1. Counting only heavy atoms of protein chains, what accessible area per residue, in Å², does the chain have with a probe of 1.4 Å?
2. Rank by packing, highest mean first: peptides 209-215, 193-199, 86-92, with packing defined as the count of other Cβ atoms within 10 Å averaged across residues.
3. Taking all protein chains in place and a 1.4 Å probe, what share, in percent, of the accessible surface of region 1-150 do carbon and sulfur account for?
4. Relative contact order of region 162-239: what whole-number percent is it, with Cα pairs under 8 angstrom and at least 6 residues apart?
5. Among Gly100, Gly201, Gly153, which one moves the most in a GNM of the chain with springs linking Cα atoms closer than 10 Å?
6. Dipole size in debye (nearest 20) for the chain around its Cα centre, Lys and Arg Cβ +1, Asp and Glu Cβ -1?
7. Please tell me the relative contact order of region 67-203 in percent, rounded to the nearest whole number, where contacts are Cα pairs under 8 Å and at least six residues apart.
8. Could you work out the relative contact order of the chain, using alpha carbon pairs under 8 angstrom and six or more residues apart, expressed as a whole percent?
Amino acid sequence: MIRPALVIMAAGMGSRYGGLKQVAPVGPNGECIMEYSVYDALRAGFFQVVFVIKKEMEEAFRTKIGKKIEKVTDVGYVFQDIDDLPGGLKAPAGREKPWGTAHAVYCCRNVVKTPFAVVNADDFYGRTSFKMLCDYLSNPQNTNGLYNFCMIGYRLENTLTEHGHVARGICRINATGYLEKVEERTKIQRFGESIRYTEDGEKWVEIPADSIVSMNMWGLTPELFGEIEAGFFRFFARNRENILSAEYFLPVVIDALIAEKKACVKVFVSNEQWYGMTYKEDRPLVQEAIAGLIREKIYPENLWEDRS
């Protein structure tokens with residue numbers, strides 16, 4: 001049995017949230033969302049946690065988050081630097097933000113050596129989701145030479161905020177439970193009883209509430225690092241005109257590998273209620289949800305008191 005690693009992407013600053021939402025306290029002792037993800041992952045069987053952060057936030061991050069986690073498991077820190085690019089590529093003058101989720105994963109290539117999960121720092125996924133991920137990654141399947149990945153999908157209606165729009169990857173899944181395609185929708189919003197998306201800010205298209213969406217909760221293997229590197233050159237070529245703002249998304253890389261018949265992605269559908277802090281107004285709801293789970297004994301009052 002393989003013991004997988006957990007990669008937590010925490011380098012984004014949260015422009016819509018208006019601050020460093022990754023470390024905003026939501027638990028009774030100042031715990032942030034990602035601490036609950038780590039707790040769930042360790043309970044499920046993950047053995048290593050790798051945080052992808054910005055270099056300039058390292059000291060504050062280690063003080064607030066890292067020191068607690070280091071007491072209970074192996075912890076690694078990876079810096080998402082815009083200059084960390086495959087040979088021959090250079091960040092253009094004027095580029096300020098990191099290159100996106102695929103780049104965040106690529107930055108882990110020298111640290112992660114086992115099958116691994118990838119999650120966002122500011123999304124609450126739920127304990128059963130981590131258990132499904134760990135069980136699959138710990139027992140590799142025979143996939144006839146294809147890269148063997150998995151994904152936890154959520155029902156769209158369980159992943160929305162009441163305070164604005166969200167970005168989600170809408171998934172098409174075949175009859176055997178494998179992912180066929182992910183379509184990125186960057187502006188999805190609830191309107192009364194309906195859920196709609198727009199690409200141009202004017203025309204809104206309705207989406208079924210039970211659509212399965214990607215929340216960037218993936219089960220992957222180290223072979224992906226080389227594929228991300230190769231795809232970076234194509235990304236630069238496709239985005240010459242908007243290279244200062246274009247993002248290299250992990251679902252786009254995986255979608256391409258599926259289309260090229262190089263990878264298969266088993267989809268496990270979670271019925272968990274997602275919680276996140278896309279906007280500052282979301283925080284009280286997350287705090288209330290965490291408090292409810294503590295009352296139900298899903299989590300202890302103090303996450304790390306009994307594990308340190």
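The values are calculated or read from the model by the stated rules, or taken from the named source; none is laboratory data. Note that the coordinates shown come from a computational prediction; the quantities given were computed from them, not determined experimentally. Ideal geometry is used to build each Cβ from the backbone, glycine not excepted, and the neighbour counts take in all protein chains shown. Ligands, DNA and RNA are stripped out before the accessible areas are found, and what is left, the full protein with its side chains, is counted by its heavy atoms. Shrake-Rupley method; radii C 1.70, N 1.55, O 1.52, S 1.80 Å.
1. Numbers: 14040 Å² over 308 residues.
Spelled out: the 1.4 Å probe surface of the chain, per residue, equals 46 Å².
2. On the way: 209-215: 19.7, 193-199: 14.4, 86-92: 11.1.
In descending order of packing, they fall as 209-215, 193-199, 86-92.
3. Of the solvent-accessible surface of region 1-150, carbon and sulfur hold 49 percent.
4. Once divided by the residue count of region 162-239, the mean separation gives 23 percent.
5. So, out of Gly100, Gly201, Gly153, the one fluctuating most is Gly201.
6. In debye, rounded to 20, the chain gives about 420.
7. 12
8. 25
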